[in-house]
1. Output ³J(HN,Hα) for the stretch 49-59: one whole-Hz value per residue in order, computed from phi by the Karplus curve 6.51 cos²θ - 1.76 cosθ + 1.60 with θ = phi - 60°, and x for Gly and Pro.
2. Find the accessible area per residue for the stretch 23-110; the probe is 1.4 Å, ligands and nucleic acids are left out, and the unit is Å².
3. Among 73-84, 2-13, what's the highest-first ranking by average C-beta atoms within 10 angstrom per residue?
4. Which residues' amide hydrogens lie under 5 Å from the amide hydrogen of Leu42, considering only partners 5 or more residues apart or on another chain, with H built in the peptide plane?
5. Which value, to two decimals, describes the C-alpha radius of gyration of the stretch 1-122 once divided by 2.2 N^0.38 Å?
6. Could you look at the stretch 1-57 and say what percent of its accessible area is carbon and sulfur, using a 1.4 Å probe and all protein chains?
7. Sorted by packing (mean other beta-carbon atoms within 10 Å per residue), highest first, where do 57-63, 133-139 land?
Amino acid sequence: ILEDEVLHTVAAFLNTFGGTLLIGVKDKPTSWGDKPAEVFGLENDYKIMGKGQDADTYVRSVYEVLNRGFGDTSTAASFVDVKIEQYEGKDICRIDVQPLPKIRDGELYIKERSDDKSEERFYVRTGTSSQKQSIQSAARYIRDNLFGAKTYLAGVGSFLPSLEFKFYGLMKNNEIEK
């Protein structure tokens, strides 16, 4: 279901580093290099939604999908910006997602519409895809990434999101760990 694809992609962006999702644009394989992606627009989606549907209705529908899947309205309102833009004369939906704060209980679980069991799911971004995590993987990801841990590479001084670098040691709270 397209709704679930949008929902888990946005959730994965929220749980990792944020990102942008474009609807109405075909996924572009990395092998294409600089070749532009194919734009097909939202016109078929408008038709499926019914008579008189337009960009404003589409944006509201996307927020409804997110709010239902998140189980609240504040997450999407605070961290997600949905808008319709024109590209090559076609409407596309652009969803810009800011990451959730990396704090205790800052992770987001979702309920997908297609899930008969209505189980909560946890997604993260891995490369160019959204990955559903097992209970063990979700717990490990949350432990390693969401409890305010900031990891710095010794000698580099730039923030890196909780990566496990063991050569040269790690610097946490301005102290080097071995």
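1. 5, x, 4, x, 7, 9, 4, 4, 5, 4, 4
2. 62
3. Sorting 73-84, 2-13 by mean packing, highest first, produces 2-13, 73-84.
4. It is Asp91, by chain and number.
5. For the stretch 1-122, the normalised Cα radius of gyration is 1.11.
6. 54
7. The peptides rank, most packed first, as 57-63, 133-139.
The values are calculated or read from the model by the stated rules, or taken from the named source; none is laboratory data. Predicted model, so just to flag it, every value in this text is computed and none were measured. Glycine gets a Cβ as well: all are built from the backbone with ideal geometry, and neighbour counts include every protein chain shown. Quick note on the areas: whole protein, heavy atoms, side chains included, nothing else; ligands and nucleic acids left out. Shrake-Rupley method; radii C 1.70, N 1.55, O 1.52, S 1.80 Å.
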